Amino acid sequence: MTRPSWDRYFARITEDVAARSTCTRHKFGAIIVNGNHEIVATGYNGVVRGYPHCEDIGCIKDEQNIDSGMGHGICPAVHAEQNALIQAGRNSLGCTLYINAYPCKICARLIVNAGISKVVVSGDYADKDGLKILEDAGVEVINLNGDKDED
């Protein structure tokens with residue numbers, strides 16, 4: 001049995017975090033990890049507190065035939081990255097964020113302003129525009145779907 005790299009280890013944990021999501025379209029998970037390989041915060045996508053869950057009442061984006069990656073303004077969900085950043089607060093400064101999809105444009109802006117230094121992606125998403133925002137801001141992006149694997 002081969003010991004996984006830190007990036008693969010934390011990417012696997014994002015899948016467990018994502019399992020808590022109540023979204024009927026995509027189950028996203030995110031974790032923020034500091035330089036000592038300690039988890040600072042976790043987050044998964046789902047509706048705001050107090051709202052009925054989409055798995056119980058249905059998806060408004062499905063009902064209106066809105067494509068994945070679009071219609072963020074009408075969906076009552078908070079993204080996994082957003083929930084993790086809210087939980088971490090200023091403790092996210094200089095940390096790595098692991099996410100099982102590409103961050104959307106909105107989340108990419110929040111990631112930059114939170115001071116995250118590296119984002120490790122282990123999945124796919126229709127909206128890839130957030131990657132350019134991260135790269136333009138100097139945030140290191142590692143895609144575990146490709147060849148690069150950090151230790």
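Structure values in brief
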{"item": "Percent RCO, i.e. relative contact order, over the range 25-151, from Cα pairs under 8 Å lying at least 6 residues apart", "result": "24"}
{"item": "Rounded tilt (10° steps) of 6-18 against the dominant C-alpha axis of the chain", "result": "20"}
{"item": "Amide H contacts of VAL78 (H built 1.01 Å from N, under 5 Å, at least 5 apart or other chain)", "result": "GLY46, VAL47, VAL48"}
{"item": "Fluctuation leader among GLU81, GLU15, GLU38 - the chain, Gaussian network, Cα springs under 10 angstrom", "result": "GLU38"}
{"item": "Ratio Rg/Rh, restricted to the range 62-129 and using Cα atoms, in which Rh is the Kirkwood radius", "result": "0.99"}
{"item": "Tail beyond 20 Å, pair distance distribution of the chain (Cα, percent)", "result": "45"}
{"item": "Within the range 1-33, backbone nitrogen closer than 16 Å to the virtual label 7 Å beyond the Cα of TYR51 toward Cβ", "result": "21-28"}
{"item": "Long-range HN-HN contacts of TYR125 with modeled amide H, under 5 Å", "result": "TYR102"}
{"item": "Alpha-carbon centroid distance for the pair the range 1-43 / the range 82-135, whole angstrom", "result": "13"}
{"item": "In Å², nearest 10: area of LEU110 left accessible to a 1.4 Å probe", "result": "80"}
{"item": "With every protein chain in place, the chain: carbon and sulfur % of accessible area (1.4 Å)", "result": "48"}
{"item": "Total lysine pairs under 22 Å (Cα atoms) in the chain, excluding pairs fewer than 8 apart on one chain", "result": "14"}
{"item": "Angstrom value of the Kirkwood radius, inverse mean 1/r, which spans all Cα pairs in the range 1-76", "result": "14.2"}
{"item": "3J(HN,Hα) from dihedral phi, the range 132-139, Karplus parametrisation 6.51/-1.76/1.60, rounded to Hz, x for glycine, proline", "result": "5, 4, 4, 5, 5, 8, x, 7"}
{"item": "Helix-only mean residue ellipticity at 222 nm for the chain, each DSSP H run of n ≥ 4 adding -39500 (n - 2.57), per residue, nearest 500", "result": "-8500 deg cm²/dmol"}
{"item": "Solvent-accessible heavy-atom area per residue, rounded to whole Å², over the chain at 1.4 Å", "result": "55"}
{"item": "Segment ASN143-GLN64, length gained on full extension (0.36 nm per residue, minus Cα span)", "result": "25.3 nm"}
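The values are calculated or read from the model by the stated rules, or taken from the named source; none is laboratory data. Since the structure is predicted, the reported quantities are computational estimates derived from the model, not experimental observations. Reconstructed Cβ throughout: ideal geometry from the backbone, glycine too, with neighbour counts over all protein chains shown. Quick note on the areas: whole protein, heavy atoms, side chains included, nothing else; ligands and nucleic acids left out. Shrake-Rupley method; radii C 1.70, N 1.55, O 1.52, S 1.80 Å.
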